[in-house]
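**Student:** Below is one structure. I have some questions about it.
The values are calculated or read from the model by the stated rules, or taken from the named source; none is laboratory data. Computed from a predicted structure; not experimentally measured. Here the Cβ positions follow ideal geometry from the backbone for every residue, glycine too, while neighbour counts run over all protein chains shown.
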Amino acid sequence: MVTSDALAEARRRYRLHRERQIRAGTWRGLVDAEDARAHVRNMNRIWLISYEAVALAVGLNKSTVYHLMDGAPNRGLNPPAKISARASDAILAFTMDDLPDHVRINAVGSIRRLQALAAAGWPLTEIGARANADISRLSVIRSGEPPTVFVSMAQRIRCTFDELDTLNPLDYLPSRSVGYARSHATAQGWLPSKAWADAIDEPDVKPWQMVRCSHRTCIRGSKDERLLCDQHLERLKERGTLEGLRVMRNRKALIEDARFILATDPPIDPETEEIDRDRLAERLGTNWEALERTLLRAKISLDKLRESA
């Protein structure tokens, strides 16, 4: 229990700290709480990290984090619009690596990494040796059985994955071992690392969802390691080649593709800091005049299209 004397002392120290920072011109006071709230929400969604674990890792009272996320429903208070700069900085700097080794987190990223290494041809014995991890435990994780893993194990798997994913196993291991690992991975339906792009830890991401179709200006999601979408895979099956294939879209599809580019990687003119219309049209496989006519017929301006993206 905090006594009144201790509380008064804490307030005095805070007041002195604040006055010193004001005199030094470094006082930031309160800042927008939404960035910190979104970060905690993502940590919980991706890694299954509790609010209490976040609070402990960043040195805040757990009630502070609970109030940031949920407000105080029993008192009719909504989540705060602003929080102290100190709390915001501590939360935004927090990563999974700041958790104690014994904390359990989502195993999705660890499972995908181990399966991707197998798909590349790395046997579990080699992975275990490099990760200094028990092979039987790695096998259980790779099977997708446990929903969570210890932070220490996830870190070892990630470091080993980062090391091996850039190497060719045939340069280090007998071809027989590599071939067996690949065959086993294929039989299990395990996917290569490129299927997840940069979202290997994202539990809601589907394989190849973040990988764009490689056919010229197509922006649909890739389907498999050939890096083609469903439509272009079907065309390849029918024709045997994609050479000379023109990009065909109706008005709605063209506008949706333009909206996707504006939302994900808009071409910006560095001089005007506005959308480079010609580059946008080029990426869509057309020219600005044709794209402008399409927008006019749909009664939507480029600015409105960008806002809606």
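**Student:** Which condition number does residue 145 fail, the rest of (1) more than 21 Å from the chain's Cα centre (by Cα); (2) of a type in the set (D, E, K, R); (3) not in a loop (DSSP other than H, G, I, E, B) being met?
**Tutor:** Of (1) more than 21 Å from the chain's Cα centre (by Cα); (2) of a type in the set (D, E, K, R); (3) not in a loop (DSSP other than H, G, I, E, B), only one is false for residue 145: (3).
**Student:** Taking the condition modelled with pLDDT under 95, under 30 Å from residue 191 (Cα atoms), outside the structural domain of residue 161 (by TED's automatic domain parsing) and not in a strand (DSSP E or B), does residue 42 pass?
**Tutor:** Yes: the conditions hold for residue 42.
**Student:** With respect to residue 101, is the statement that it is part of a helix (DSSP H, G or I) and touching a residue at least 24 places away in the same chain (Cβ under 8 Å) true?
**Tutor:** On the way: part of a helix (DSSP H, G or I): no; touching a residue at least 24 places away in the same chain (Cβ under 8 Å): yes.
Here the answer is no, as residue 101 does not meet what is asked.
**Student:** Could you say whether any residue in the stretch 122-136 is free of Cβ contacts under 8 Å to residues at least 60 places away in the same chain and closer than 30 Å to residue 15 by Cα? So that I can check it myself, show each step before the final result.
**Tutor:** Of all residues in the stretch 122-136, those free of Cβ contacts under 8 Å to residues at least 60 places away in the same chain come to 122-136.
Imposing the further condition that a residue be closer than 30 Å to residue 15 by Cα reduces the set to none.
The answer is no; no qualifying residue exists.
The rows are residues; the columns are (1) part of a helix (DSSP H, G or I); (2) surrounded by 14 or more Cβ atoms within 10 Å (Cβ to Cβ); (3) among the aliphatic types (A, V, I, L, M).
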{"position": "67", "(1), (2), (3)": "yes, yes, no"}
{"position": "74", "(1), (2), (3)": "yes, no, no"}
{"position": "110", "(1), (2), (3)": "yes, yes, no"}
{"position": "119", "(1), (2), (3)": "yes, yes, yes"}
{"position": "127", "(1), (2), (3)": "yes, yes, yes"}
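**Student:** Kindly indicate the residue of the stretch 156-196 that is among the aliphatic types (A, V, I, L, M) and either touching a Ser or Thr at 6+ places or on another chain (Cβ under 9 Å) or without any contact (Cβ under 8 Å) to a residue 12 or more places away in the chain (or both) and also surrounded by the fewest Cβ atoms within 10 Å (Cβ to Cβ) among those meeting that condition.
**Tutor:** Per the stated criteria, the residue is 187.
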